[in-house]
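Novice: Below you will find the structure I want to go over with you.
The values are calculated or read from the model by the stated rules, or taken from the named source; none is laboratory data. Model, not experiment: these values are computed from the prediction. Quick reminder, even Gly has a Cβ in these numbers, built from the backbone with ideal geometry, and neighbours come from all protein chains shown.
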Amino acid sequence: MKALVWHGTSDIRCESVPDPRIENDRDAIIKVTSCAICGSDLHLFDHFMPGMKSGDVMGHETMGEVVEVGSAAKGSLKIGDRVVIPFTIICGECEQCKRGNFSVCERSNRNKDLADKVFGHTTAGLFGYTHLTGGYPGGQAEYLRVPFADATHIKVPDGIPDEKLLFLSDIFPTGWQAAAQCEIQPTDTVAIWGCGPVGQMTIRSAVLLGARQVIAIDRLPERLSMAKAGGAITINFEEESVVERLNELTGGKGPEKCIDAVGLEAHATGSIDSMYDRAKQAMMLETDRPHVLREMIYVCRPAGVLSIPGVYGGLLDKLPVGALMNKGLTVRTGQTHVNRWTDDLLNRVVENQIDPSFVITHTEPLERGPEMYKTFRDKQDGCIKVVLKPGANGANHA
Amino acid sequence: MHSLVPQTALRGRSQSANDKLAKSLGYFSIALGVTELVAPRALSNAIGVKGLEPIIRTYGGREIATGVAILASHNPEPWIWARVAGDLADIATVATGLKQSNGKANNTVAALAALAGVTVVDMVCASGLNAEKGGRRTAVADYSNRSGFPQGVQAARGAARKA
């Protein structure tokens, strides 16, 4: 089959790889109908995430049709079922899964020993990601093997296009969790850094959850225009001071809820501290560029909440923990507990409360995926979200 | 919207031949820079130019900075053009050796020929990178009609809280 394969920094290729097969009786194989490139895939593309190996198949936003089912998964899945695959692999049986903490499933990471050493305790296995999270082949491919498939799936109805459902795999529940874990009150101002795909979903989630005011921060006009369309007040950090503007919009008190939808690759030349971080990254003295975290800690209203869906990879420098502690801020973060949210979110899509396909700007055949990684990373061609279609020929630009 | 997606030289790959060439030039730049910083006298003797050790050291710093920038940047093109400018400075500096009577005129000519060759490679690489981008970095698209709320933003506000 064809798949997008990681070969090193900025080097992804569309290649032929062996077809997946059932390896465990809880497995299923799906034929991929749609998959997408996620912002966190870019951290792998840029090789800021440790634990990648040449030959790894990319992708963790995938949906398709079940074509083969292991014997132990037959009670939950049958051939022909239409499914979205959550990016977190879950056993559904461990203590964490039973509590709904699916992204820290205790059994799905097949490299548990490695994760125990690096993180202290293992987290869930993830598709198409670092070997710290199992190194499972991903879904930017024609077929995908789904481990623990009896639990790791979201059944979706026929009659709704892939484009409206695909993002249940990651960015929609990720944006939703980012807003939900802020426990938004009707009087709250929610500030969201980053208007990429997760940021856009977070804006819509904060609006649905009833924030008084949603403020979105970015520098790219096309992303800010999409944020504004979703009901946000926008701040272009290249044109105005984020701290001054946020204080102005909140009577000098700062936003109650701050959400980091940027993560470890803050715009490298966007601020003095990011330039400092970039230089340290080049010298391997720091792994991440935490400009947004610093700014959130500084501007957040005392006793407020910081929510961090943005991905961080390793060791961070110059974090103002003194301000964090003295202001009594609550920090909530983590990979998304996808299946905790998806029943509710699927209903919202079916009921036409939200149509997540608004974020798609490019639809391309799988074979053009490597080029689209570059386009997405370099923010060319107005690119915000790329959907890839295995077996397709034509391209469709927004 | 007309596609501005860059067409890389190798379809199905994220890296073009020019990307790989740029990376090689980055490593070459750092290696040359280190040599210029560490052994400026030996280098100047070899190419038949004397008395320019401080300048060669400065050029070494320039080469290292350019090389790191090429390797660290998603867009190495401006840094490859910076190398071209550096190449021209190198040529002008080495050319002063032609006026010196040190018996190493052949070495000086060979160094100038090598520099000219590297300059051509740099220019080919920078031009190729520019052509792949189609001359534009970012298209401004208008997504102001993409609310994501089929029933409108006002209807969406607090809808999940009401439920």
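Novice: In the range A:24-41, which residue that is surrounded by fewer than 20 Cβ atoms within 10 Å (Cβ to Cβ) and of a type outside the set (D, E, K, R) is farthest from the other protein chains (Cβ to nearest Cβ)?
Specialist: For the range A:24-41, the residue satisfying everything is A:ASN24.
Novice: For the range A:332-345, which residues satisfy the criterion of being closer than 16 Å to A:THR202 by Cα and either assigned to a helix (DSSP H, G or I) or of a type in the set (Gly, Ala, Ser) (or both)?
Specialist: A:GLY334, A:VAL338, A:TRP341, A:THR342, A:ASP344, A:LEU345
Rundown of residues vs (1) of a type in the set (Ser, Thr, Tyr); (2) touching a Leu at 6+ places or on another chain (Cβ under 8 Å), yes/no style:
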{"position": "A:ARG21", "(1), (2)": "no, no"}
{"position": "A:ARG26", "(1), (2)": "no, no"}
{"position": "A:CYS35", "(1), (2)": "no, yes"}
{"position": "A:SER40", "(1), (2)": "yes, no"}
{"position": "A:GLU65", "(1), (2)": "no, no"}
{"position": "A:SER71", "(1), (2)": "yes, no"}
{"position": "A:ILE79", "(1), (2)": "no, no"}
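Novice: What helices (runs of 4 or more DSSP H), lying completely within the range B:1-100, carry at least 2 residues that are more than 26 Å from A:MET283 (Cβ to Cβ) and not polar (S, T, N, Q)?
Specialist: It comes to B:40-47, B:53-72, B:77-95.
Novice: Still on this model: Consider B:ARG41 carefully, then state whether it is away from chain A (no Cβ under 14 Å) and under 19 Å from A:ALA279 (Cβ atoms).
Specialist: It is false that B:ARG41 is away from chain A (no Cβ under 14 Å) and under 19 Å from A:ALA279 (Cβ atoms).
Novice: Looking at the range A:46-60, which of the residues that are out of contact with any Leu (no Cβ under 9 Å at 6 or more places or on another chain) and at pLDDT 95 or above is farthest from the other protein chains (Cβ to nearest Cβ)?
Specialist: Once the filter is applied, the top-ranked residue is A:LYS53.
Novice: Quick check on my filter: what residues within the range A:248-269 are buried (at least 16 other Cβ atoms within 10 Å of the Cβ) and farther than 16 Å from A:GLY199 by Cα?
Specialist: Hits for the range A:248-269 are A:LEU249, A:THR250, A:GLY254, A:PRO255, A:GLU256, A:ALA268.
Novice: Output the residues belonging to the range A:362-383 that are at the interface with chain B (Cβ under 7 Å from one of its Cβ atoms), surrounded by 22 or more Cβ atoms within 10 Å (Cβ to Cβ) and assigned to a loop (DSSP other than H, G, I, E, B).
Specialist: A:ASP381, A:GLY382
Novice: Would you tally the residues in the range A:330-361 being touching a residue at least 60 places away in the same chain (Cβ under 8 Å), more than 9 Å from chain B (Cβ to nearest Cβ) and either of a type outside the set (D, E, K, R) or at positive phi (or both)?
Specialist: Number satisfying all stated conditions: 13.
Novice: Also, quick follow-up: Could you check the range A:208-295 for helices (runs of 4 or more DSSP H) lying wholly inside it with 2 or more residues that are free of Cβ contacts under 8 Å to residues at least 24 places away in the same chain and within 13 Å of chain B (Cβ to nearest Cβ)? Spell out how you get there, then give the answer.
Specialist: Details: elements: A:221-229, A:242-249, A:272-282.
Correct list: A:221-229, A:272-282.
Novice: So which pairs qualify, if the first residue must be in the range A:7-23 and under 18 Å from A:MET372 (Cβ atoms) and within 14 Å of another protein chain (Cβ to nearest Cβ), the second must be β-branched (Val, Ile, Thr) and surrounded by 12 or more Cβ atoms within 10 Å (Cβ to Cβ), the Cβ gap must be under 7 Å, and the two must be at least 6 apart or on different chains?
Specialist: Within 7 Å, the pairs are A:ILE12/A:VAL5; A:ARG13/A:VAL5; A:GLU15/A:VAL5.
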